[in-house]
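Data block below; observations after.
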6 protein chains.
Amino acid sequence: MTTVNDILKYIETLAPKSMKEHWDNVGLLCGSAKQEVSKIMVALDPFESVCKEAADWGADLLVTHHPVIFQAPKAITDDDGVGRSLLQLIRSNISAINAHTNLDCAPGGVNDVLAAKVGLSHVQVLCPNGVDEEGRPWGLIRCGEVTSVSLQQFLSRVKAALGCDGLRYTDGGKPVCKVAVGGGSCASALRQVADAGCDTFVTADVKYNQFWDAKELGVNLIDAGHFATENPVVAVLAAKLQVAFPDVEVKISEIHADCMKFY
Amino acid sequence: MTTVNDILKYIETLAPKSMKEHWDNVGLLCGSAKQEVSKIMVALDPFESVCKEAADWGADLLVTHHPVIFQAPKAITDDDGVGRSLLQLIRSNISAINAHTNLDCAPGGVNDVLAAKVGLSHVQVLCPNGVDEEGRPWGLIRCGEVTSVSLQQFLSRVKAALGCDGLRYTDGGKPVCKVAVGGGSCASALRQVADAGCDTFVTADVKYNQFWDAKELGVNLIDAGHFATENPVVAVLAAKLQVAFPDVEVKISEIHADCMKFY
Amino acid sequence: MTTVNDILKYIETLAPKSMKEHWDNVGLLCGSAKQEVSKIMVALDPFESVCKEAADWGADLLVTHHPVIFQAPKAITDDDGVGRSLLQLIRSNISAINAHTNLDCAPGGVNDVLAAKVGLSHVQVLCPNGVDEEGRPWGLIRCGEVTSVSLQQFLSRVKAALGCDGLRYTDGGKPVCKVAVGGGSCASALRQVADAGCDTFVTADVKYNQFWDAKELGVNLIDAGHFATENPVVAVLAAKLQVAFPDVEVKISEIHADCMKFY
Amino acid sequence: MTTVNDILKYIETLAPKSMKEHWDNVGLLCGSAKQEVSKIMVALDPFESVCKEAADWGADLLVTHHPVIFQAPKAITDDDGVGRSLLQLIRSNISAINAHTNLDCAPGGVNDVLAAKVGLSHVQVLCPNGVDEEGRPWGLIRCGEVTSVSLQQFLSRVKAALGCDGLRYTDGGKPVCKVAVGGGSCASALRQVADAGCDTFVTADVKYNQFWDAKELGVNLIDAGHFATENPVVAVLAAKLQVAFPDVEVKISEIHADCMKFY
Amino acid sequence: MTTVNDILKYIETLAPKSMKEHWDNVGLLCGSAKQEVSKIMVALDPFESVCKEAADWGADLLVTHHPVIFQAPKAITDDDGVGRSLLQLIRSNISAINAHTNLDCAPGGVNDVLAAKVGLSHVQVLCPNGVDEEGRPWGLIRCGEVTSVSLQQFLSRVKAALGCDGLRYTDGGKPVCKVAVGGGSCASALRQVADAGCDTFVTADVKYNQFWDAKELGVNLIDAGHFATENPVVAVLAAKLQVAFPDVEVKISEIHADCMKFY
Amino acid sequence: MTTVNDILKYIETLAPKSMKEHWDNVGLLCGSAKQEVSKIMVALDPFESVCKEAADWGADLLVTHHPVIFQAPKAITDDDGVGRSLLQLIRSNISAINAHTNLDCAPGGVNDVLAAKVGLSHVQVLCPNGVDEEGRPWGLIRCGEVTSVSLQQFLSRVKAALGCDGLRYTDGGKPVCKVAVGGGSCASALRQVADAGCDTFVTADVKYNQFWDAKELGVNLIDAGHFATENPVVAVLAAKLQVAFPDVEVKISEIHADCMKFY
């Protein structure tokens, strides 16, 4: 018999709480650690539609990257999306666990998966925050190498690898050899990336001034989308859970997809 | 057909949100404004045991004085009392409404009920915060008059009227003529009470230094208990709800009682 | 003989300082109010390349939307872009004036120009901050109407009208009738836009969670780019300056273009 | 010849300043370290009546637990109790020393005396803050053992041992075996007490929600009064001072008693 | 029979509390409003030596410009000057009243006396904070006129008028016609003074950069000493008190003089 | 060929950045590290007049003690002195370096030069902040010894040594044997100086209450002027630069002098 607590402890081995940002909210955010689990749904976000899908499938547990509670709520009602997600989960007796910035930073987490997806070799943690119990460095950004290609070739490769509907970028004026990746909103690490000698940075949610900062620093800055850069970890996480808990049924959300399109 | 929203709007007429303290949390804190209501339970507190009683009885709505969410929670789990109350309510499809400091302050609210209970006449709002739409002053503390009695006689009367297991008090050295009342933790209004010429103040949760401040100011300060001073409003609120919504079944919690005893 | 101060006073009539955000920096940020002006360059941004272009052309004054100093600098050196812009301007004896959030908010400013560009009729200020001396309401966001079209048709129109290399959007599930526009980073006004009954919002620098919030609120949210949504005001501003100061040569920067591309 | 400074240094050995809370005010708060001392009065509080008693007796020094200055005063006048105490002391040439949270925490201080009074054995410091120069752990709360008794029996014992006029308590549903004590207002340590496996906690100034928290945690929580739980240290402190300074006359205040009564 | 309270109320008519700076501390800072007064000592500062002089003379009340308590003290002992002043006053049964920034600002206060001393005519309040009950403007700085003289002549006049041991100044390059005065540390009003068209500013405690700012602004800035610019009000205040309370003996401190000398 | 960066690195050896106060601004504050340098002007302050002198002389670099930018400017215009200095420097292609509190604290810096000027022997750092790479203690204040003289004799010596127009002082009542020095505004170190057993303290910008504090502490406190106490380091710094960079022409500002005079 597997409990929510068993899953929680296992996820803690993949993405220890000590690796999260101080402002973040991770772990068991809804339900009960003692609950028995026979079906786990895994998704990037605990949006209402995903919670409903989990309920319809009969899940006992929803495991996501983003937290179902970020701003602590003063009320839990169907007036807002967070309330609707929580009401759906609790009424359907589904517990919710998440691993957010701890999974971004952990070895084998969001950013190692992203680095692999875009084909980096000799991947390293940029400016590590520390080393884990096995002596592996951990931290937010990964950097690695590719055989030198033009920016256009690399854009083509990223778009295909991540299944993006489109990309936004600025041309830093260099071929692509040394690449940094940070899934989600990591553009504030731009100077760090430049200082490390990277010519190219793949991240998301990039703002106007950040594109210009990149141009000034001579870095190719690619916004490949928040969903597209983070979602690859979902399949990896689901697979690990299935191996660790063979008697539990693990399923990836089928309906969750990026709501942002290009025109 | 009555909805949660109908009840919410009615309670807003009894205790407008604009009368609440800035730090307080009132209104619909759990569930759905659109929910149909046929059974309402009323209680002072939304503790887990009360939520369970409401669920067993088949309530659609729980109306309380104290809020089910005060410190906004970062997680809703069965690890703590607030989480257990919320899980119980949501799983049993019970919405939750509360009126807290707005009900303390409103005409006909907690403190008018308390003033009546302890037998005050010529009751007035002490230092009103404003006037309501009907021109009635509103605010936290009430003061009124009693025919002059000794402090011991007045203690006996308060104990009987509120059904207290015991009282704590300091003797300010005066007979009881002009009395202020503030249900719950209102001892910080002591100086205001003294400045208004009251000889006696009935409130709860009084601390050591507040008893001494009262002695120094020559005020008889009586701690009649948080539950005992606030619970009388529950029956009044339930009766008003029943009158306003005759087709809905309204019931006062039978199990909720003070957990604090005297020895 | 026209001075920098004459231009400054004229721009103040178009975009009064009192309309700026409290955190913003606008007006004469570099040079001398007493300087004589015979050539004005106008551009969206005072980037180093634009300053150099102005110097090469022999400008006496650079008028921009974005400020050359935003974070007040502790040093002015060629180590960073702001320092390089300032050194270039001062060495070439070019003063610099800007109108930023005051021009966003002013009647006839950034957002009125944008509303006209995307073809809105019956344009109004959404939640005005006040009225100007002529009694016209002013504020950040504009909303207006279009003859009902599908979102795809509207995307096509916006892309053409603003000359965008691409667009990012989320589909709120409604045809396009009532449209709000906010040049630059205005997505935090999303709820306001939804509350006003708009079905569509054109702005820039939209983040992941904002696309999802729009979807939840049923609003078509279009990120048309910071440069593309704000740059149209440059030609309008240049034309006004030319009319107001016929003896001065006014020129729009030829090299300044968006550094962000789509793939 | 004994000076105030000699007493101050001795008290520092009993209750080092380094053990006080950061917000506290302890030591020589009034008078002169150089003053000669032949008569010391000892009391829990430096209220005006106690200062007058000390003056009438001819004391040179008043040693108390609570500080005569807590909120630093902007004026020293007979308009408030603190001013009246200070005026009385200074006019009668009485210096004032106190040991407050340092005496709560010190080995042999307020809480060790309280633990002994209520009959605890195997007394330990709960969650020590550190160890003193002799290697003894120090900190606020003490816990110890009693031969298992019913809560009613323990209440009777506490009431008798501390001479309380009454007690307030909540029944945690367990017999009394492992007891924590914290004189004065220590109820915020409740969770710590529960986590340490204590079934019973004796403290004072307990509020409504704290009684309920105790019930939820299954802890018998007893409010034995601020004065009653702290005053026992006065006799111990007076005795130690008399032994350390045999040529000085040490006397405990005769008039200082709790102003709070039960009905 | 005159009481401290009578004096306090009279001083309040000369220098209302509402005219003080928000950070200031004025009024009855030591003793008792009910005390009878037959002897008042008046001085600029309540230093220990002045308090001792007052005690030796048998004063009941010390009236000063500077407050005896500015930083609220955590202890009142002979370890520091403030403690020694308070101990001296209280042991000698002397109450202490002060009027500080309220007397600086009040009509007829510190700065009107100073303006008269240095021979200004057509004296006005610079940038008044408001008007008093009699419709007179009040505020910190005064400005007025002198028949045009050279700076050297004016320096000679100020030195003689205020009895200064020396002066420090910077030469703003202008003859002296329109003069601002601010007793004590008022140099931060320099820009205000320059904006008002004054050519000369007399104040005290001037710092290096303030002398340079004055030079840059073309203002003659004269540091005539804190004591020398403020002490003239003492005689005026003493005279007013003597007139208002003819039965009370009023005396100016004989020993209080500036401790700062020139070489 | 010498660059600005070479000078910067050399000054860093004399006054490491790590020795500056946290609020200070030091180093290359204007211009370019890559600029070639053939002429350096050295001065205490980068006032507009000094910048003009440097420009007229053809300087490439201005080295000062005080920073040209202290409060980071929101605009760089000829409306204020800082703007005028910066415009002058940049238009004349002069870079600007400064060493401020780091030079105050460094061995051989402002305060060691001052100590030597006033004739101290056995000079030590008072309360050192640390030791530098060579093991030498560093910090703000120096103290040393003089053969015992009267205060009047010492005042005469200081005035002559520093070329002061005048001195301000308070007489602490002791002959001069052990002297502390702190160039510029260091009077807040007075208690430290007294605690170290110094009888005399030479600093500048002393305020009224600081003179009185000194009198109370029995310390002779001498205000010898901000310029006079700091300017001696300029010649020392210029000489060191000339030795280190023999091919560069180094010149001390001829026009910069104190703007503060005595009368």
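Throughout, read-outs are computed from the coordinates displayed, never taken from laboratory work. As the structure is a prediction and not an experimental result, all values here were calculated from the model. Reconstructed Cβ throughout: ideal geometry from the backbone, glycine too, with neighbour counts over all protein chains shown.
How large is the dipole of the protein assembly as shown about the Cα centre if only Lys and Arg carry +1 and Asp and Glu carry -1, each at its Cβ, rounded to the nearest 20 debye?
Working: 138 positive and 192 negative charges, 1 e Å.
Charge dipole of the protein assembly as shown: 0 debye, to the nearest 20.
Using amide H atoms built 1.01 Å from N in the peptide plane, name the residues 5+ places from F:THR3, or on other chains, whose amide H lies under 5 Å from its own.
Sorted by chain and number, the residues that satisfy this are F:VAL37.
Compute the FRET efficiency between D:GLU12 and D:GLU254 as 1/(1 + (r/R0)^6), taking r as their Cβ-Cβ distance and R0 = 30 Å, and round to the nearest 0.05. Numbers along the way, then the final one.
Working: r = 27 Å, r/R0 = 0.91.
About 0.65, to the nearest 0.05.
Per DSSP H run of at least 4 residues, take -39500 (n - 2.57); add these up for chain C, divide by its residues and hand me the 222 nm value, nearest 500 deg cm²/dmol.
Values: 10 runs with 91 residues, N = 263.
Rounded to the nearest 500, it is -10000 deg cm²/dmol.
Hey, got the average number of other protein chain Cβ atoms within 10 angstrom for residues in E:68-75? Show your work: numbers first, answer last.
Details: counts 2, 5, 2, 2, 6, 6, 10, 12.
That average works out to 6.
So what are segment D:139-187's ellipsoid semi-axes, whole angstrom, largest first, if each one is the square root of 5 times an eigenvalue of the alpha-carbon gyration tensor?
Computed over segment D:139-187, the values are 17, 15, 11 Å.
Whole-Hz ³J(HN,Hα) for each residue in segment F:20-29, computed from phi via Karplus 6.51 cos²θ - 1.76 cosθ + 1.60 with θ = phi - 60°, x for glycine and proline: what do you get?
Calculated HN-Hα couplings, in order: 7, 5, 4, 8, 8, 10, 9, x, 7, 9 Hz.
To the nearest µm²/s, what D does Stokes-Einstein give for the protein assembly as shown at 37 °C and 0.692 mPa s, using the Kirkwood radius over alpha carbon pairs as Rh? Kindly include the intermediate steps, with their values, before the conclusion.
Numbers: Rh = 39.2 Å.
Answer, rounded: 84 µm²/s.
Where a Cα-Cα gap under 17 Å defines reach, which aspartates and glutamates qualify for D:LYS20, not counting those fewer than 8 residues away within the same chain?
Reachable aspartates and glutamates: D:GLU12, D:ASP104, D:ASP112, D:ASP132, D:GLU133, D:GLU230.
Would you mind working out the magnitude of the charge dipole of segment F:143-263 relative to its Cα centre, with +1 at each Lys and Arg C-beta and -1 at each Asp and Glu C-beta, to the nearest 20 Debye?
On the way: 11 positive and 14 negative charges, 49 e Å.
Around 240 debye, computed over segment F:143-263.
Looking at B:THR77, B:GLY130, B:ASN93, which one has the Cα that reaches farthest to the positive end of the dipole of chain B (charges on Cβ: Lys, Arg +1; Asp, Glu -1)?
Towards the positive end, the residue furthest out is B:GLY130.
How large is log10 of I(q)/I(0) for segment C:91-136 at q = 0.13, 0.15, 0.28 Å⁻¹ when the intensity is taken from the Debye formula with one equal scatterer per alpha-carbon?
Here the Debye-derived log intensity ratios amount to -0.40, -0.50, -1.14.
Can you give the Kirkwood hydrodynamic radius of segment E:1-128 from its Cα pairs, in Å with one decimal? Provide the component values of the computation, followed by the final result.
Working: mean 1/r = 0.0651 Å⁻¹.
Answer for segment E:1-128: a Kirkwood hydrodynamic radius of 15.4 Å.
If you take every residue apart from D:PHE47 with its C-beta less than 13 Å away from the C-beta of D:PHE47, what net charge results, scoring Lys and Arg +1 and Asp and Glu -1? Intermediate values should be presented prior to the final figure.
Working: positive: B:LYS215, D:LYS52, D:ARG84; negative: B:ASP213, B:GLU216, D:ASP45, D:GLU48, D:GLU53, D:ASP80, D:ASP258.
Here the count lands on -4.
Looking only at other chains, what is the average number of their beta-carbon atoms within 10 angstrom of each beta-carbon in D:77-84? Provide the component values of the computation, followed by the final result.
Details: counts 12, 6, 4, 2, 5, 0, 3, 2.
For this peptide, the per-residue mean of nearby foreign Cβ atoms is 4.
Would you mind listing the distances between the E:ILE252 label point and the same position in each other copy? Use 7 Å along Cα-to-C-beta, nm, one decimal, shortest first.
Label point to label point, same position, other copies: 4.7, 5.9, 7.6, 7.6, 9.2 nm.
Just need log10 I(q)/I(0) for segment F:190-263 at q = 0.16, 0.20, 0.21, 0.22 Å⁻¹, Debye formula, equal scatterers on the alpha-carbon atoms, no solvent, rounded to two decimals.
Ignoring solvent entirely, the Cα scatterers give -0.72, -0.87, -0.91, -0.95.
Please report D:VAL125, A:VAL123, A:VAL131, C:VAL179 as a ranked list, fewest other C-beta atoms within 10 angstrom at the top and most at the bottom.
Values: D:VAL125 20, A:VAL123 17, A:VAL131 13, C:VAL179 25.
Neighbour counts put them in this order, fewest first: A:VAL131, A:VAL123, D:VAL125, C:VAL179.
Within the protein assembly as shown, what percent of beta bridges assigned by DSSP are antiparallel, to the nearest 5?
Details: 122 of 248 bridges.
Approximately 50 percent, going by the DSSP bridge assignments.
Place the label 7 angstrom along Cα→C-beta at F:ALA160 and in each other copy, then list the distances from the first to the rest in nm, shortest first.
When each copy's label point is compared with this one, the spacings are 3.4, 9.0, 9.0, 9.3, 9.9 nm.
Using amide H atoms built 1.01 Å from N in the peptide plane, name the residues 5+ places from A:GLY184, or on other chains, whose amide H lies under 5 Å from its own.
Under 5 Å from the amide H of A:GLY184 lie the amide H atoms of A:ALA204, A:THR229, A:GLU230, each far enough along the sequence or on another chain.
Going by Cα centres, segment B:94-128 and segment C:70-109 are how many Å apart?
60
For segment D:1-75, what does the convex hull of the Cα positions come to per residue, in cubic angstrom?
Roughly 102 Å³ of hull volume per residue.
Give the chain C residue with the shortest beta-carbon distance to the rotation axis relating chain C to chain E, plus that distance as a whole number of Å.
Nearest to the symmetry axis by Cβ: C:HIS22, 13.
Among the listed pairs E:LYS52/F:LYS174; B:LYS261/D:LYS174; A:LYS207/A:LYS261, give every one whose C-alpha distance is greater than 19 Å.
E:LYS52/F:LYS174, as the Cα separations exceed 19 Å there.
To one decimal place, what orientation-averaged projected area in nm² is obtained for the convex hull of the Cα set of segment B:96-167? Please report the intermediate quantities before stating the final value.
Working: hull surface 25.3 nm².
Computed as one quarter of the Cα hull surface, the answer is 6.3 nm².
Near the amide H of C:VAL42, under 5 Å away, which other amide H atoms are found, from residues 5 or more places off or on another chain, if H is placed in the peptide plane?
Under 5 Å from the amide H of C:VAL42 lie the amide H atoms of C:VAL63, C:LYS251, C:ILE252, C:SER253, each far enough along the sequence or on another chain.
Find the relative contact order for chain F and round it to a whole percent, using C-alpha pairs within less than 8 Å whose residues are 6+ positions apart.
The normalised contact order for chain F reaches 19 percent.
Starting with the fewest neighbours, write out D:TYR169, B:TYR208 ranked by other beta-carbon atoms found within 10 Å of each beta-carbon.
Details: D:TYR169 26, B:TYR208 21.
Starting with the residue having the fewest Cβ neighbours, the order is B:TYR208, D:TYR169.
Work out the mean other chain Cβ neighbour count within 10 Å for the residues of B:200-206 and drop it here as an integer. Display every interim value, and only then the final one.
Details: counts 0, 0, 0, 0, 2, 7, 3.
That average works out to 2.
Please give the Cα centre distance for segment A:165-196 versus segment B:217-263, rounded to the nearest Å.
So the two Cα centres are separated by 63 Å.
Note the distances from A:ALA239 to each other copy's matching label point, with points 7 Å along the Cα-to-beta-carbon direction, in nm, sorted shortest first.
Distances to the matching label points in the other copies: 5.9, 7.0, 7.4, 7.4, 9.7 nm.
Ranking D:PHE154, E:PHE70 by Cβ neighbours within 10 Å, fewest first, what do you get?
Numbers: D:PHE154 25, E:PHE70 16.
Taking fewest neighbouring Cβ atoms as first place, the list is E:PHE70, D:PHE154.
What are the semi-axes of the equivalent ellipsoid of chain B, taken as the square roots of 5 times the eigenvalues of the Cα gyration tensor, listed largest first and rounded to whole Å?
Values: eigenvalues 226, 76, 54 Å².
Working from the Cα gyration tensor, I get semi-axes of 34, 20, 16 Å.
How big is the charge dipole of chain F about its Cα centre, in debye rounded to the nearest 20, if each Lys and Arg gets +1 on its Cβ and each Asp and Glu gets -1 on its Cβ?
Working: 23 positive and 32 negative charges, 74 e Å.
The dipole magnitude comes to about 360 debye.
I'd like the Karplus ³J(HN,Hα) series for segment E:166-180: coefficients 6.51, -1.76, 1.60, θ = phi - 60°, whole numbers in Hz, and an x wherever there's a Gly or Pro.
For segment E:166-180, the Karplus curve yields x, 9, 10, 7, 10, 8, x, x, 10, x, 9, 10, 10, 10, 9 Hz.
Less than 16 Å from a label point 7 Å out along the Cα-to-Cβ axis of E:CYS177: which backbone N atoms in segment E:107-124 qualify, by residue?
Of the residues in segment E:107-124, E:121-122 have backbone N under 16 Å from the label point off E:CYS177.
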